[in-house]
Amino acid sequence: MKRALLAVALALMLVVAGCNTTDQGGDSTTVETTGEPTDVQTTAEQTDTQTSEPTQTTTSDEDQEDQEEPCEYRSEESDLVQVQGACLGFDANQVYLNVMEMAGVELDQGPSVRSLSPEQTNPYTFDQFGFNNESFQAVMGIAPEGTPDVFVAGYASPQTGPDGSVEVDVVMRYINASSGEGRAQGPEEAEITLAHEFLHAIQFYEGSQDRLAANLTSEGVNLDNVETSLVEGSAVFFESEYQEQYMDRDAASRDVSAWANSSPFSMYQLGPYVMGERYTKFRVNSTSEFQTLYDNPPISMEQIMHNHMPDEERPLDLSVERGQDSVWNHYSTSTRGELFLRSSLRAGVSGPRAAAGADGWGTDRVMVFKNQSYGDASKYGYAWTLRFDNASEQDEFRSIFGDWLESRGPLSDGVYRMDEDQTYRMVEISDETVVVLAGHERFTTRTVATGNSSHVTVTMTDADQTNSSVQSDDDEERLVTAQAGAVRAAV
């Protein structure tokens, strides 16, 4: 079955001076932090929504073309790139020619660019970042607070015609040619953003995503993150090299250290960009070779995060199933990967300890359970089975996760509790495998997990299970709810 392609490619930036930056979607988008988080969500304009027609824009301006200020850099009719809106402060067509030269391609078409001033740009809200308070991601702590402390600096989106032809629209946001202070993108910042987005335009024209999707093996796991890492990692690699080749600046890679200590939400959203850039540099020798990476792509985020080739450190075997007598319905099963695990751990422990706890990831499966019988709202339960590379790695994870559990709330009635919908319990299945039970208290307190290192059965029962031992296939009793004597990490 053919994989669905990214509708939008996103370019995210981590602003060390402020908070962290995040964004994901189908178009190509650059996101920066505002450094001014608030407690009230705002409503974003349609310009920024990720829909099937992301170029349709609603702003408070009735006629943007009539409001164009005098600008030295306006598009000529013969330019491949046509720019409308706020003055960018540089020659966008020349930037596109530069990026084509870096990519080693010659195209006779170019994207349209719509440039919005800060006054014409509204911030994204969390729903536009794909965040849902009831998701497994939120339950495991990968959740933002208040209004996003990031802003989307730009994005590119493709439109395919009935004849197969591709047109690309780029939207540049917060543009102010005379200032780069605050949210506004001055000429230098905007040029870097546009170089990133122009690489995405070339990817769209060249069919790079089709090329990548065709080679993503069915043996791969969490392939959405893998695909995003390769598409976005290439663009971040280009923006770095562009600064050195055309702006007389040092090639500025994303700050891995700052990312590694960022918030859980930023770490998860930005991981494909930061780790994707580093992996691209590991695999290719020059910008003109970027598409060769798509012919033999990695199969997991673990390989990307640790610079492994596709035949190295492959995911371990693991199967999970719902017990026949399970009271709750099994809704879906998926693999989340090492990036998700590390980001989740960051919600309760320091950046270095989150990295240490996730480094031994071998594979995982998340089973989503659902029951609608308790009131009007659906109740969710999650059984996250994690297999580690060896017993030592699993033991290190349990110690760190014990601190994570304590950070979520007090131990009450056998589970760690934030509220009735966010409770947690950990069950050790073997010396390599554990199951993290999360979600509604009825699920975490009444669920049994049994099995061995490579096969686990999860059963939601009618009786409390927190005071009874869970038996693995080798009859060892391994119920774990806390790590005695664990040292609390500084967060």
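Here, each number is a calculation from the coordinates, and none is a lab measurement. Keep in mind that this is a model prediction, so the values were computed, not measured. Cβ placement follows ideal geometry from the backbone for every residue including glycine, while neighbour counts extend to all protein chains displayed.
When a footprinting reagent is the concern and you count Cβ atoms within 10 Å, what order do His455, His200 take, fewest first?
Details: His455 16, His200 33.
Neighbour counts put them in this order, fewest first: His455, His200.
Counting Lys and Arg as +1 and Asp and Glu as -1, what is the net charge of the other residues whose Cβ lies under 15 Å from the Cβ of Gly141?
Neighbourhood net charge equals 0.
To make sure I understand, if each residue's beta carbon is the centre and we count other beta carbons within 10 Å, what order do Cys71, Cys87 fall in, fewest to most?
The fewest-first ordering by Cβ neighbours comes to Cys71, Cys87.
If you find the alpha carbon centre of the stretch 186-216 and of the stretch 384-456, how far apart are they in angstrom? Cα centroid to Cα centroid, the span is 40 Å.
Report the FRET efficiency, 1/(1 + (r/R0)^6), for Asp248 and Leu80, where r is their Cβ-Cβ distance and R0 is 35 Å, rounded to 0.05.
On the way: r = 24 Å, r/R0 = 0.69.
Here the calculated transfer efficiency is 0.90.
Other residues with beta-carbon under 13 Å from the beta-carbon of Arg365 carry, at +1 per Lys or Arg and -1 per Asp or Glu, a net charge of 0. In this label model, Glu119 and Ser135 are separated by 3.5 nm, measuring between points 7 Å along each Cα→Cβ vector. Going from the residue with the fewest nearby Cβ atoms within 10 Å to the one with the most, Phe340, Phe204 rank Phe204, Phe340.
Using bins of 5 Å that start at zero, the share of Cα-Cα pairs per bin across the stretch 319-480 amounts to 2, 10, 19, 23, 22, 16, 6, 2, 0, in whole %. Between Ser332 and Val166, the FRET efficiency from the beta-carbon distance, with R0 = 41 Å, is close to 0.80. A simple spin-label model places the labels of Gln94 and Gln159 3.0 nm from each other, with each point 7 Å out along Cα-to-Cβ. Around the amide H of Leu116, modelled in the peptide plane, lie the amide H atoms of Ala86, Met172, Arg173, Tyr174, Ile175, all under 5 Å away and 5 or more residues distant in sequence or on another chain.
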